[in-house]
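First the structure, in the form of structure tokens, and then the observations on it.
What follows is calculated from the coordinates using simple rules that are stated; it is not laboratory data. From a predicted model like this one, the values you see are computed outputs, not experimental measurements. Cβ: placed from backbone, ideal geometry, glycine included. Neighbour counts: every protein chain shown.
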Amino acid sequence: MTEISSYFPAEWETQSGVQLTWPDTATDWKRTLIEVLSVYEQIAKEILKHEKLLIVCRDKNSLPDFLQNNNEQLTIQEMPINDTWARDHGAITIIENGQPALLNFRFNGWGMKFPANHDNQITSTLYQQKAFREGVRLHDLSYFTFEGGAIESNGTGCALTTSECLLSKNRNEHLSQTAIEFLLKKTMYIEKVLWLHHGFLAGDDTDSHIDTLARFCNKNTIAYVKCTNTQDLHYDALQKMEVELKQMTDQNGQPFQLVPLPFPDPIYDNDGEQLPATYANFLILNKAVLLPVYEIKQDFEAIEITKKLFPEHEIVPINSRPLIKQHGSIHCISMQFPIGVL
């Protein structure tokens, strides 16, 4: 049994703040920048209502007026960036001997699919710029390629991930599943790693990040995407994923309560490519949940289910159609830090 003073915290634990890495004309958002900036601004305003906001950007003068004002809740750090997926280039926080510590894994653009030479340096640069609270330790784990969107914690010893991502080529193909599991347990104080071997979303660049498929909502509840259309290309894989989830148990051998999320109607880009819309990619804040919605009929059901999953939180729907045009959503562009980090 791992000592309770050292563990991998759940997202719903009290946060000090959230990191956003801001889009500009030199990122992949350039063609849709106006509409995506509107979404980022909405998300930034919601975060500031509840906690601190750390913005990483190339040029702070390009930020909107409401982020130019002096605000003790706001920190802006300038540096070179490739893109804006803070979930995957941001530091992952663990609690170590009762104190928060930051893990800086190697980020290589989801298996070298995209340039990441600047994004891989963001966390270490933030640390050098003293963006984090004094005394917070940073562990260099650059020998291991890993992304925050690839893992979910229930806060009591269990972590959920996918073999499609962690065992993919150009990440850590020199390591076996057993070796990767050992490393995760050792570095993140995890007792039990739960592996999903099925499940995907068309248009996803991450090799099936868990935060697009299944999420812990409390220590014994998992919300997951469920496809009921037998003609849908996702049906078989997601049915197999559901079977796997039903067979899983927590660190004490107890089954999880499973809550299905609706599967969005297909959304396509201008080239006819299906985009990875999912209601699982929500962001939990202090007393609020930012829920991606897509201007489709399943939105209402997703909102009502999320209200039941988080009865103590305000559910804030955010139109995330502009985000999925670059194959991610709200959780993908953000990284939360537990209390004591910012």
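When you scan segment 48-159 for helices (runs of 4 or more DSSP H) that lie fully inside it, which ones turn up with 1 or more residues that are in contact (Cβ under 8 Å) with a residue 24 or more places away in the chain, charged (D, E, K, R) and crowded, with 22+ Cβ neighbours inside 10 Å?
Once the helices (runs of 4 or more DSSP H) in segment 48-159 are filtered for at least 1 residues that are in contact (Cβ under 8 Å) with a residue 24 or more places away in the chain, charged (D, E, K, R) and crowded, with 22+ Cβ neighbours inside 10 Å, what remains is 86-89.
Just so you know, in segment 316-342 the residues that are within 27 Å of P100 (Cβ to Cβ) and β-branched (V, I, T) include one that is surrounded by the fewest Cβ atoms within 10 Å (Cβ to Cβ), and it is I339. Criterion first (in contact with a helix residue (DSSP H, G or I) (Cβ under 6 Å, 6 or more places away or on another chain) and either surrounded by 15 or more Cβ atoms within 10 Å (Cβ to Cβ) or touching a residue at least 60 places away in the same chain (Cβ under 8 Å) (or both)) does E11 satisfy it? No: the conditions fail for E11. Among the residues of segment 256-289, those that are among the β-branched types (V, I, T) and either touching a residue at least 60 places away in the same chain (Cβ under 8 Å) or not in a loop (DSSP other than H, G, I, E, B) (or both) comprise V259, T278, I284, V289. For segment 247-288, the set of residues classified as surrounded by fewer than 18 Cβ atoms within 10 Å (Cβ to Cβ) and touching a His at 6+ places or on another chain (Cβ under 7 Å) consists of K287 only. Annotation: of all residues in segment 23-47 being of a type in the set (V, I, T) and outside any helix (DSSP H, G or I), the one that is surrounded by the fewest Cβ atoms within 10 Å (Cβ to Cβ) is T25. The sole residue among D211, D250 that is closer than 23 Å to W110 by Cβ and in contact (Cβ under 8 Å) with a residue 40 or more places away in the chain is D211.
Among the residues making up segment 113-140, a single one is touching a His at 6+ places or on another chain (Cβ under 6 Å) and among the β-branched types (V, I, T): I122. Here S124 does not qualify as in contact with a Lys or Arg (Cβ under 7 Å, 6 or more places away or on another chain) and over 30 Å from Y224 (Cβ atoms).
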